[in-house]
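The values are calculated or read from the model by the stated rules, or taken from the named source; none is laboratory data. Computed from a predicted structure; not experimentally measured. Cβ placement follows ideal geometry from the backbone for every residue including glycine, while neighbour counts extend to all protein chains displayed.
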Amino acid sequence: MKKLRNETMEKIQIKPRLNHHDQLIVHLIPHTHIDAGWLKNMDEYYSGTNRLVQKDAGAVRDIFDTVIEELQVNLTRKFAIAEMGYFSMWYYKQDEKVKEAVKNLIHTGQLEFINGGWSANDEASPSYNDILNNMMIGHEFLKKEFDYTPKIGWNVDVFGHSDVATRLYSEMGFEAIFFSRLDYYEK
């Protein structure tokens, strides 16, 4: 098995895609990836408490405060938010001035919602109903508050991929999906 794996790895050659000027094009997408309950509960991540568990983790609320402030300062910046559970916690605590600023940033395209589930579902473990409920709750929030429907699937920290999620995302109207952790045999 080890020999087969080594031979397979030797055959795999990742070649960067170059443009017509032989320049490598790299896209950096500033985005959220905030686990709901990985090492701490949602309230601890939101407020930045319980540093005994995770010393270097900041407060989610501070991330959103900073992002919204910086997007307004620099109109060329963009940011994508994936998890509605945390964003809704933050949004409902804001005054009308900040809420209007958020709506303006969405309108101008500086702030985008990707995936839009309540949390980032791990495709390797949830059932069909779990994926649907997670996405439905997040999408209902976006529709109610911003009349917004996400068009991009975003799973950058999943531990396995399922055909169920891909099929559901397609039926939800997603135009593209971005993911990570593709097994090297699949590359």
Q. Can you name the condition, by its number, that Ile152 falls short on among (1) of a type outside the set (Gly, Ala, Ser); (2) crowded, with 19+ Cβ neighbours inside 10 Å; (3) closer than 26 Å to Gln72 by Cα; (4) modelled with pLDDT under 85?
A. (2)
Q) If you go through region 110-122 one residue at a time, do you hit one that is of a type in the set (D, E, K, R), under 13 Å from the mean Cα position of the chain (by Cα) and farther than 20 Å from Thr149 by Cα? A) yes
Q) Say we look at region 78-96 and pick out the residues that are assigned to a loop (DSSP other than H, G, I, E, B) and at pLDDT below 95; which of these is nearest to the chain's Cα centre (by Cα)? A) Ala82
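Does Ile29 count as modelled with pLDDT of 75 or more, assigned to a loop (DSSP other than H, G, I, E, B) and more than 19 Å from Phe141 (Cα to Cα)?
Working: modelled with pLDDT of 75 or more: yes; assigned to a loop (DSSP other than H, G, I, E, B): yes; more than 19 Å from Phe141 (Cα to Cα): yes.
Here the answer is yes, as Ile29 does meet what is asked.
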Q) Counting only residues that are at pLDDT below 75 and surrounded by fewer than 14 Cβ atoms within 10 Å (Cβ to Cβ), which one in region 40-61 is nearest to Ser88 (Cα to Cα)? A) Gly58
Q. Mind checking which residues of region 123-136 are in a loop (DSSP other than H, G, I, E, B) and within 16 Å of the chain's Cα centre (by Cα)?
A. Glu123
